[in-house]
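A.B. asks: Before anything else, here's the structure in question.
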Amino acid sequence: MMMPKRVKWRKQQRGRIRGNATRGATVAFGDFGLQALEPGWIPSRTIEAARIACSRGAPEAKIWIRIFPHKSVTSTPAETRLGTGKGDVDYWTAVVKPGTVLLEIGGVSADIAKKAFNRVAHKLPVKVRMVTKRAI
């Protein structure tokens with residue numbers, strides 16, 4: 001699973017996801033991309049499951065993962081009373097805004113990419129759509 005090698009501060013506050021993505025909103029590396037349509041957190045386990053589903057759906061394709069889990073999510077153990085401070089880091093997650101390209105795929109036809117992205121879309125907690133590279 002993906003997680004940062006080093007962080008200056010391990011525990012973060014939850015925050016709010018506001019607005020649409022301006023960076024990382026276009027297909028840059030491959031021919032087709034999977035774009036998020038709603039905001040959300042995508043855990044590192046889910047990113048790994050999406051990578052495996054995409055590589056099995058299109059084994060001959062080149063895959064680019066465009067998101068990285070920078071945000072730590074903490075949790076306190078069950079049956080713990082209040083007032084014991086913030087809990088330990090439970091997992092790492094990627095914060096996704098609407099319009100962010102999550103995955104890209106190249107070297108395959110459109111129908112194979114669509115089948116692979118359909119497998120990936122079932123794993124993700126946000127609604128997604130398939131986008132293509134713009135002709136310049």
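Values quoted throughout were computed directly from the atomic coordinates according to the rules given, and no laboratory measurement underlies them. As the structure is a computational prediction, the values presented were derived from the model and not from experiment. All Cβ positions, glycine included, derive from the backbone under ideal geometry; neighbour counts span all protein chains shown.
A.B. asks: With a sphere of radius 10 Å drawn around the Cβ of Gly57, what net charge do the other residues whose Cβ falls strictly inside it have (Lys, Arg +1; Asp, Glu -1)?
C.D. replies: Numbers: positive: Arg56, Lys114, Lys115, Arg119; negative: none.
My count for the surroundings of Gly57 gives +4.
A.B. asks: Another one. Using Cα pairs under 8 angstrom and six or more residues apart, how large is the relative contact order of the chain, in percent? Provide the component values of the computation, followed by the final result.
C.D. replies: Numbers: 274 pairs, mean separation 57.1, N = 136.
Across the chain, relative contact order equals 42 percent.
A.B. asks: 5 Å is the cut-off here: which amide hydrogens, built 1.01 Å from N in the peptide plane, fall below it relative to Leu103, excluding neighbours closer than 5 in sequence?
C.D. replies: Leu34, Arg66
A.B. asks: Let me ask something else about it. Determine the dipole magnitude for the range 15-136: charges of +1 sit on the beta-carbon of Lys and Arg, -1 on that of Asp and Glu, nothing else is charged, the reference point is the Cα centre, and the result goes in debye to the nearest 20.
C.D. replies: Magnitude of the dipole: close to 320 debye.
A.B. asks: Next question. Could you let me know the centre-to-centre spacing of the range 22-42 and the range 64-136, using Cα atoms, in angstrom?
C.D. replies: 10
A.B. asks: Let me ask something else. So what's the angle, to the nearest 10 degrees on a 0 to 90 scale, between helix 110-121 and the longest Cα principal axis of the chain?
C.D. replies: That helix lies at roughly 10 degrees to the long axis.
A.B. asks: Can you tell me the orientation of helix 44-57 relative to the chain, as the angle in degrees between its alpha-carbon axis and the longest Cα principal axis, to the nearest 10?
C.D. replies: Long axis of 44-57 versus the principal axis of the chain: about 20 degrees.
A.B. asks: Taking the inverse of the average 1/r across all pairs of different Cα atoms in the chain, what Kirkwood radius in Å do you get?
C.D. replies: On the way: mean 1/r = 0.0623 Å⁻¹.
Its Kirkwood hydrodynamic radius stands at 16.0 Å.
A.B. asks: Once you list every other residue whose beta carbon is under 12 Å from the beta carbon of Val89, what net charge do they have if Lys and Arg are +1 and Asp and Glu are -1?
C.D. replies: Working: positive: Arg10, Lys11, Lys71, Lys86; negative: Asp88, Asp90.
Summing Lys/Arg as +1 and Asp/Glu as -1 gives +2.
A.B. asks: Across the chain, how many lysine pairs separated by 8 or more positions, or lying on different chains, have Cα atoms within less than 19 Å?
C.D. replies: For the chain, qualifying lysine pairs total 18.
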